[in-house]
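The values are calculated or read from the model by the stated rules, or taken from the named source; none is laboratory data. The shown structure was predicted, so the numbers you read here are calculated from the model rather than taken from an experiment. Using ideal geometry, Cβ is built from the backbone for each residue, glycine included, and neighbour counts are taken over all protein chains shown. To get the accessible areas, we keep the full protein, side chains included, count just its heavy atoms, and leave off ligands, DNA and RNA. Shrake-Rupley method; radii C 1.70, N 1.55, O 1.52, S 1.80 Å.
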Amino acid sequence: MEGAAVDPGAPLVVCLHGVRMNEALFARLLARLFDLPLRFLFLRASLDAPPLTGQTHGASWYDYDGNQDAFKGALERVEAQVRETIHAVEREQGLSPRRRVLLGFSQGGYCGSVLALRHPEEFSGLIVSGARVKTEVLTDAMPRAAAAGMQVLLCQGRQDTVVPPDSAERSLTALVAAGVSTELVWFESGHSMGRRQIEAIRGWLRRHFDLGAATSASIS
């Protein structure tokens, strides 16, 4: 658990890393956010995967072979596992967050978007980076999330060769059509989370949790 919060009821940001990453690497990427009065919970995926260069452990949320039925089942499995883990951590640490946001990168974004949009009673916001929101399995969930006031931030690199940039546009179109308050921010980057993207996320978190004026940052 990271962040500057001391209040047991402080908002919680649940962070899901990308494939072949782990929770420690993801925490290092997001460290510039830890002075915010929030708690950041970093979870590790349950499947082993070849680690990225310089890591001692890599993990994956699911194996993907193109089979959509299997993919849907994997997303539902991760949804149940992550919710169970969040609730267990909150019980063990005596936390009762007033609001929660799900922040997912790459594979974590695919999983996290399904989880958050299906459970707007538990999450008030969603940040997806380098992933497509699988809106075709969320046709019933998106209007419920919209009615609950869900807010979504989509972050996409224009040079991303892993997730086609136009998938972010399609995610935006479907979410907005369902009434979900959604913002898409573009970056001159690939499949990564750099300083400019972290600053954009920081600003969005400050607005979402009404933490006061954020320091302005140039975003490209």
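How many percent of the accessible area of region 94-158 is carbon or sulfur, using a 1.4 Å probe?
Working: 860 of 1920 Å².
Ligands and nucleic acids excluded, carbon and sulfur give 45 percent.
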Expressed in angstrom and rounded, the centroid-to-centroid distance over alpha carbons for region 1-31 and region 62-122 is 14 Å
The local net charge around GLY9, scoring Lys/Arg +1 and Asp/Glu -1 for residues other than GLY9 whose Cβ lies under 12 Å from its Cβ, equals +2
Show me the ranking of peptides 193-202, 7-16 by mean Cβ neighbours inside 10 Å, starting with the highest.
7-16, 193-202
accessible surface per residue for the chain, probe 1.4 Å, DNA/RNA/ligands not counted, whole Å² -> 45 Å²
Sum of side-chain charges, LEU172 neighbourhood, beta-carbon under 13 Å (Lys, Arg +1; Asp, Glu -1):
-1
Relative contact order for the chain, counting Cα pairs under 8 Å that sit 6 or more residues apart, in percent:
16 percent
Please report the net charge: other residues with Cβ closer than 14 Å to the Cβ of LEU154, K and R +1, D and E -1.
0
Viscosity 0.692 mPa s, temperature 37 °C: what is the translational diffusion coefficient of region 1-40 from Stokes-Einstein with a Kirkwood Rh over Cα pairs, rounded to a whole number of µm²/s?
310 µm²/s
